[in-house]
Structure formats: structure tokens, C-alpha cells
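The values are calculated or read from the model by the stated rules, or taken from the named source; none is laboratory data. Computed from a predicted structure; not experimentally measured. With ideal geometry, Cβ positions are generated from the backbone for all residues, glycine too; neighbour counts draw on all protein chains shown.
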Amino acid sequence: MGTTATATSGGALIHYTADQGLAWIEINDPPANTYTYEMMQQLDTAILKARMDDSVHVLILRGAGEKFFSAGANIKMLASVTPEFKYYFCLHANETLNRLEQTPKLVIAALNGHTVGGGLEIALAADLRLARRDAGKIGLPEVALGVLPGTGGTQRLARLVGKSHALELMATGRTFSFEEAEEIGLVNQVLDRDNFFEEVTAYAKQFLPPQKAARAVGRIKRAVCSGLEMPFAEGLALERELQQHLFQSEDAHEGLTAYIEKRSPKFKAK
């Protein structure tokens, strides 16, 4: 099931660990795990590392400590820099989250604590969001600071929960429970508090070979993420192109053959 080696790269602000097909990317500035320009640089490096590692099939984001996934951008940093730097910082953060969203591998945000402001914007760039029961609040309260969610929040939240609901949540700045977030489709599942990371790991492993064709999962992601930004006919054309690539893969041959032979397929992500 992927590589059995473990590779860890540090940096004080992002911890990266890859093992058995999973890459864990930990936001590491407790207690609130707020991010700075330096942290975004390290996050960008970790995303690229996971993307280029053929043994990694699923990326999992988490926050260090018990209280926060992330509270977003470091407010003291933002208050101390020029408007030009604020703009540059938001531009760089957007580029990093776009890279995360466009990585052709499944990305899971494991919301182990409060997930607010830019922290939720990071989670919105993931494909799936799993939350720890009774562990915190979620929301985009930037309006209370006189600004808007400027790292993709206005665009991704509206695409996820609908225009009217997204407008209400951002204009009020209300934070709410993970259970309510699950009800509106912002969170995919709320998992057990005590065994949260064990359950996240088990959930993520269902997408790994040999049980799952990881290349197909990645192409499904690309078809959905890119297709949503295209006219319908162009989205269908992209779908056909990606399907043709998959038809030429070893995994497609294995999947079709296993079906005919009435056995479970053993995929290799090839």
C-alpha cells in the first residue's frame, strides 16, 4: 500500500510526514496555528513535495495541538505591514491554496479544532473535510475586522453551500458547530472525538491501492474541480479526455479484468 518508508521534513511552521500512501501536513504554530508569509511558503513546499511523490496518494491537513485546526492569518502580522504587502500576502496565499486544490490527489482536511477565517479557507481548498466532534467552531468572521475572506473564501464557500447561504454566513460573520456545518454540506463527516485521527486515517486508507485505483480518484477530482469552472460541453470534453487516459492505464485493465473474473481488483496506481 504505497511506500513503507517514512520521510519527515521539519521547518518550525509546517510538519510534513509521508508513510504508506498518506502525506500528513501539519499546521504547526499552536495554540491558534495562525499563518504568516513564512508558513505559506512552507505549506507550498509541502504541497509540491506530496504532489511529486508517486508513493503518496492522499494528502491530509491537520492542526497542531488540541484547540485549533487554524484561526487563519496572523492578525498582528497583517496590522504591522503595508497595504502593498497585505495584497502580496493574499496573492501568494491564494496561489498556494490553488496549488492544493489543483493537486491531482485527494486532499482531506482533518478539522481537529476551531476552523475559522483563513483556517476555513485552507480547509475549503481541500476536497473533503472531516471534523472532530465537539472540538470547536467553524466560520468566516472576517467582516468583524472590516475585511472579507480574501484567500478564496468568498468563491469556494459559495460554490460549496450555495450563494444565499454563503452570503448570510459571511455577512453575519457567524461561527457555528461542526454538526451544523455537516448539515449544510460544509463538512463531510463529524467523527468521534477520542479516536479522531485513527478514524481519519482509516477513512483516508480506503482511497489507497490496492483497494482503490488512485489514478482514477485523481482524475475524478480533476474532472470535477476543472469541470465546474467550464461550460457544460467543455466539461464533458474534459471528462472524455481523462477517461481515455485512464483506459490506457494498468489499473483500468486490472479493474475490468477483475470484474469479468469475479474477483477483487488489486490496483497499483499505474
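Values for this structure:
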quantity: Residue within the range 88-102 that is free of Cβ contacts under 8 Å to residues at least 12 places away in the same chain and of a type outside the set (A, V, I, L, M) present; calculated: yes
quantity: Helices (runs of 4 or more DSSP H) wholly inside the range 52-137 that include at least 3 residues being in contact with a strand residue (DSSP E or B) (Cβ under 9 Å, 6 or more places away or on another chain); calculated: 83-102, 118-124
quantity: Of all residues making up the range 75-120, the number that are at pLDDT below 90 and either touching a Ser or Thr at 6+ places or on another chain (Cβ under 8 Å) or more than 21 Å from Tyr37 (Cα to Cα) (or both); calculated: 2
quantity: Which numbered condition Ala269 fails, given (1) among the hydrophobic types (A, V, I, L, M, F, W, C); (2) out of contact with any His (no Cβ under 8 Å at 6 or more places or on another chain); (3) outside the structural domain of Asp19 (by TED's automatic domain parsing); calculated: (2)
quantity: Filtered residues of the range 67-84 (kept if in contact (Cβ under 8 Å) with a residue 40 or more places away in the chain and of a type outside the set (Val, Ile, Thr)); calculated: Lys67, Phe68, Phe69, Ser70, Ala71, Gly72, Ala73, Asn74, Met77
quantity: Tabulated pairs, the range 213-237, first free of Cβ contacts under 8 Å to residues at least 24 places away in the same chain, second hydroxyl-bearing (Ser, Thr, Tyr), C-beta under 9 angstrom, 6+ apart or interchain; calculated: Gly235/Ser226
quantity: Flag for Glu198 being surrounded by fewer than 13 Cβ atoms within 10 Å (Cβ to Cβ) and modelled with pLDDT under 95; calculated: no
quantity: From Ala46, Ala123, residue being modelled with pLDDT of 95 or more, under 24 Å from Ala216 (Cα atoms) and touching a Lys or Arg at 6+ places or on another chain (Cβ under 7 Å); calculated: Ala123
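For (1) charged (D, E, K, R); (2) surrounded by 14 or more Cβ atoms within 10 Å (Cβ to Cβ); (3) touching a residue at least 12 places away in the same chain (Cβ under 8 Å), each residue gets a yes or a no:
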| site | (1), (2), (3) |
| --- | --- |
| Ala158 | no, yes, no |
| Ser164 | no, no, no |
| Ser177 | no, yes, yes |
| Glu182 | yes, yes, yes |
